[in-house]
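Colleague: Mind looking over this structure? Questions follow.
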Amino acid sequence: MRTKLFILSSLISFTFLAQAQEISNGVMKLDELRKPAYREIINIPEVNGYQVLKCDFHTHTVFSDGLVWPNIRAQEAWEEGLDAMALTEHIEYHPHKDYVEVNHNRSHELIENLSKRNNVLLIKGTEITRQTPPGHFNAIFIGDASSYIEDNVSEKDWEAVMKAAEQNAFIFWNHPGWKPNIEGSYEWLPFLEDLRKKNALHGIEVINGFGFHMKALDWCVDKGLTVMGTSDIHNLVGHDYDRSRKYVHRTMTLVMAKERTPESIREALDAGRTVAWASKYLAGKEENVKNLFNACVKLLPSHYSQEKNGVRTNFYEIQNKSDLYFELELTSGKGTQKITLYPMSSQLLSAEAGQQSLSYDVTNAYVRSDKFLNISFSL
Ligand SMILES: [Zn+2]
Ligand SMILES: [Zn+2]
């Protein structure tokens, strides 16, 4: 005991000395109080050979109506483990113009090098901000944003979106349903159909920040448009999202890409291989959500069996090898009724012996506005 005390007191005095050495010219450095800088890793396994890239293609800075300088966006994206992001400043709306120069390319330019250094893919984008309806459109993979139209009169709506189409941008309709009191704000208007036919509309924001626009999921499925999820963040991500909860992340798009490159992201967006992810919630086309689920969740062979009152029950382990969150509810077969699969965890599942399979609704994963993903486990 005495030896231990001696070692302890030596350690304390050594630590004290080590700290004391940090004093320089009467200033003691208290760097141990700083928040450690590190990049989070969001675990999602490959899906049928595709990497699942975490992307947020709708964010703002003080160069439109956001509250932060562009560097903060780059820093947040790195810390949160995003693979790709875009700054999408409003073309037509600049509430800080008396203090911040109106330059549609500037915020992107300011973080190009920082993003490269941080290994975050920075995709150039903008928000075409027309009156509702039709409302706002994001254009990403754009060229020069200075040629876009600031004049916000409805006669120029078509021309405004066509500027992006001329640059071969990927264009998606933003937050449909965000102004429910305006007639036509949450309807599939001829204007949208005309854009789609002209190959000038490629996706819809099914989830924007804290709003899940459920009708938009059906439109994406029925009209062959890409499902998008974005934060549309204006404040600090840490201010708006409760990041202290394990499964809470900013809303984003999971993009199933061949490689971690802008070209591969573009190919995946054009092919519609995306799922919108808002912490607990997933929304996407059935094939994509199913493939994602199957890559993350595995049912292991039964490890135990017991008989009670003439009924044999088999026990299984069901594993979630991802940072996604799943809630399962039994829809056919005899087995565990409800299962919550927390990120990177497993649960026990029991099933009456002699059955071929069990089916579950994944009640946090939407494949239509009124339909959950349904999955079957072979027993
Ligand atoms: Zn908007
Ligand atoms: Zn926005």
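Colleague: Quick check on the range 122-136: of everything there that is of a type in the set (A, V, I, L, M, F, W, C) and under 18 Å from the mean Cα position of the chain (by Cα), which residue is nearest to ligand 1 (Cβ to nearest atom)? Working first, answer last.
Modeller: First, the residues of the range 122-136 that are of a type in the set (A, V, I, L, M, F, W, C): 122-123, 128.
After this cut, where a residue has to be under 18 Å from the mean Cα position of the chain (by Cα) as well, the list is 122-123.
On the way: 122: 20, 123: 17 Å.
Only one residue fits best here, namely 123.
Colleague: For the range 119-130, state whether one or more residues are of a type in the set (Lys, Arg) and either buried (at least 18 other Cβ atoms within 10 Å of the Cβ) or not assigned by TED's automatic domain parsing to the domain that holds residue 71 (or both). Quick ask: steps written out before the conclusion?
Modeller: First, pick out the residues of the range 119-130 that are of a type in the set (Lys, Arg): 124, 130.
From what's left, either buried (at least 18 other Cβ atoms within 10 Å of the Cβ) or not assigned by TED's automatic domain parsing to the domain that holds residue 71 (or both): 124, 130.
Within the range 119-130, one or more residues are of a type in the set (Lys, Arg) and either buried (at least 18 other Cβ atoms within 10 Å of the Cβ) or not assigned by TED's automatic domain parsing to the domain that holds residue 71 (or both).
Colleague: Let me ask another. Go through the range 267-278 and give me each residue that's within 16 Å of the chain's Cα centre (by Cα) and over 20 Å from residue 374 (Cα atoms). Break it down into steps so the answer makes sense when it comes.
Modeller: First, the residues of the range 267-278 that are within 16 Å of the chain's Cα centre (by Cα): 268-269, 272-278.
Passing the criteria: 268, 269, 272.
Colleague: Condition first: in a helix (DSSP H, G or I) and either of a type in the set (A, V, I, L, M, F, W, C) or out of contact with any Lys or Arg (no Cβ under 8 Å at 6 or more places or on another chain) (or both). Now tell me which residues in the range 194-206 satisfy that.
Modeller: Step one: list which residues in the range 194-206 are in a helix (DSSP H, G or I), which gives 194-197.
Hits for the range 194-206 are 194, 195, 197.
Colleague: Just give me the residues in the range 267-277 being open to solvent by less than 40 Å² (accessible area, probe 1.4 Å) and over 15 Å from residue 44 (Cβ atoms), in sequence order. Before you say what the answer is, go through the steps one by one.
Modeller: The first filter runs over the range 267-277 and keeps only residues open to solvent by less than 40 Å² (accessible area, probe 1.4 Å), leaving 268-269, 272-277.
Listed by number, the residues that qualify are 269, 272.
Colleague: Among the residues of the range 224-238, write down those that are touching a strand residue (DSSP E or B) at 6+ places or on another chain (Cβ under 9 Å), away from ligand 1 (no atom under 16 Å from the Cβ) and either in a loop (DSSP other than H, G, I, E, B) or more than 19 Å from residue 88 (Cα to Cα) (or both).
Modeller: 225
Colleague: Just to be sure I understand the filter: pairs with C-beta atoms under 9 Å, separated by 6 or more residues or on different chains, first member in the range 73-97 and under 17 Å from residue 277 (Cα atoms), second member modelled with pLDDT under 95 and outside any helix (DSSP H, G or I). Which pairs pass?
Modeller: 80/243
Colleague: Just one of 73, 39 is outside any strand (DSSP E or B), over 20 Å from residue 146 (Cβ atoms) and either open to solvent by 60 Å² or more (accessible area, probe 1.4 Å) or outside the structural domain of residue 110 (by TED's automatic domain parsing) (or both); which is it?
Modeller: Numbers: 73 fails: either open to solvent by 60 Å² or more (accessible area, probe 1.4 Å) or outside the structural domain of residue 110 (by TED's automatic domain parsing) (or both).
Residue meeting the stated conditions: 39.
Colleague: Please specify each residue of the range 178-218 satisfying the condition of being surrounded by fewer than 18 Cβ atoms within 10 Å (Cβ to Cβ) and within 15 Å of ligand 2 (Cβ to nearest atom).
Modeller: 179, 210, 211
Colleague: Across the range 227-251, what is the number of residues that are farther than 20 Å from residue 63 by Cα and touching a His at 6+ places or on another chain (Cβ under 6 Å)?
Modeller: Residues in the range 227-251 being farther than 20 Å from residue 63 by Cα and touching a His at 6+ places or on another chain (Cβ under 6 Å): 0 in total.
Colleague: Just the residues that are touching a residue at least 12 places away in the same chain (Cβ under 8 Å), surrounded by fewer than 16 Cβ atoms within 10 Å (Cβ to Cβ) and within 20 Å of residue 364 (Cβ to Cβ), please, taken from the range 219-242.
Modeller: Listed by number, the list is empty, since nothing qualifies.
Colleague: If I ask for residues that are of a type in the set (Gly, Ala, Ser) and either over 43 Å from the mean Cα position of the chain (by Cα) or at pLDDT below 90 (or both), which ones from the range 16-43 would you list? I'd like the intermediate steps shown before the answer.
Modeller: Narrowing the range 16-43 to residues of a type in the set (Gly, Ala, Ser): 18, 20, 24, 26, 37.
Listed by number, the residues that qualify are 18, 20, 24, 26.
Colleague: I've got another one for you. When you scan the range 42-53, how many residues do you find that are aliphatic (A, V, I, L, M) and open to solvent by 90 Å² or more (accessible area, probe 1.4 Å)? Talk me through it step by step, then tell me what you get.
Modeller: Pass one, the range 42-53, residues aliphatic (A, V, I, L, M): 42, 44, 47, 52-53.
The next check asks that each one be open to solvent by 90 Å² or more (accessible area, probe 1.4 Å); those that pass are none.
Within the range 42-53, residues that are aliphatic (A, V, I, L, M) and open to solvent by 90 Å² or more (accessible area, probe 1.4 Å) number 0.
Colleague: For the structure I just gave you, tell me whether residue 56 is open to solvent by 10 Å² or more (accessible area, probe 1.4 Å), modelled with pLDDT of 95 or more and not polar (S, T, N, Q).
Modeller: Details: open to solvent by 10 Å² or more (accessible area, probe 1.4 Å): no; modelled with pLDDT of 95 or more: yes; not polar (S, T, N, Q): yes.
Considered against the rule, which asks whether it is open to solvent by 10 Å² or more (accessible area, probe 1.4 Å), modelled with pLDDT of 95 or more and not polar (S, T, N, Q), residue 56 comes out as no.
Colleague: With the condition kept exactly as written, say whether any residue in the range 338-347 is of a type outside the set (A, V, I, L, M), in contact (Cβ under 8 Å) with a residue 40 or more places away in the chain and in a strand (DSSP E or B).
Modeller: no
Colleague: State yes or no: is residue 184 in a loop (DSSP other than H, G, I, E, B), in contact (Cβ under 8 Å) with a residue 24 or more places away in the chain and on the phi > 0 side of the Ramachandran plot?
Modeller: yes
Colleague: Give me a count of the residues in the range 137-151 that are open to solvent by 20 Å² or more (accessible area, probe 1.4 Å) and within 13 Å of ligand 1 (Cβ to nearest atom).
Modeller: 0
Colleague: Filter the range 272-301 for residues that are in contact (Cβ under 8 Å) with a residue 24 or more places away in the chain and assigned to a helix (DSSP H, G or I) and give the result.
Modeller: 286, 288, 289, 290, 291, 292, 293, 294, 295, 296
Colleague: Follow-up question, since we're still on this one. Do any residues in the range 115-140 that are free of Cβ contacts under 8 Å to residues at least 40 places away in the same chain and assigned to a loop (DSSP other than H, G, I, E, B) have Cβ atoms under 6 Å from those of residues that are hydrophobic (A, V, I, L, M, F, W, C) and surrounded by 24 or more Cβ atoms within 10 Å (Cβ to Cβ), where the two are at least six apart or on different chains, and which pairs are they?
Modeller: Short answer, once both residue conditions are applied: 124/142.
The values are calculated or read from the model by the stated rules, or taken from the named source; none is laboratory data. Here the structure is a predicted model, which is why all the values come from computation and not from measurement. Positions of Cβ are generated from backbone atoms using ideal geometry, with glycine treated the same way; all protein chains shown enter the neighbour counts. All accessible areas refer to the heavy atoms of the entire protein, side chains included, with ligands and DNA or RNA removed. Shrake-Rupley method; radii C 1.70, N 1.55, O 1.52, S 1.80 Å.
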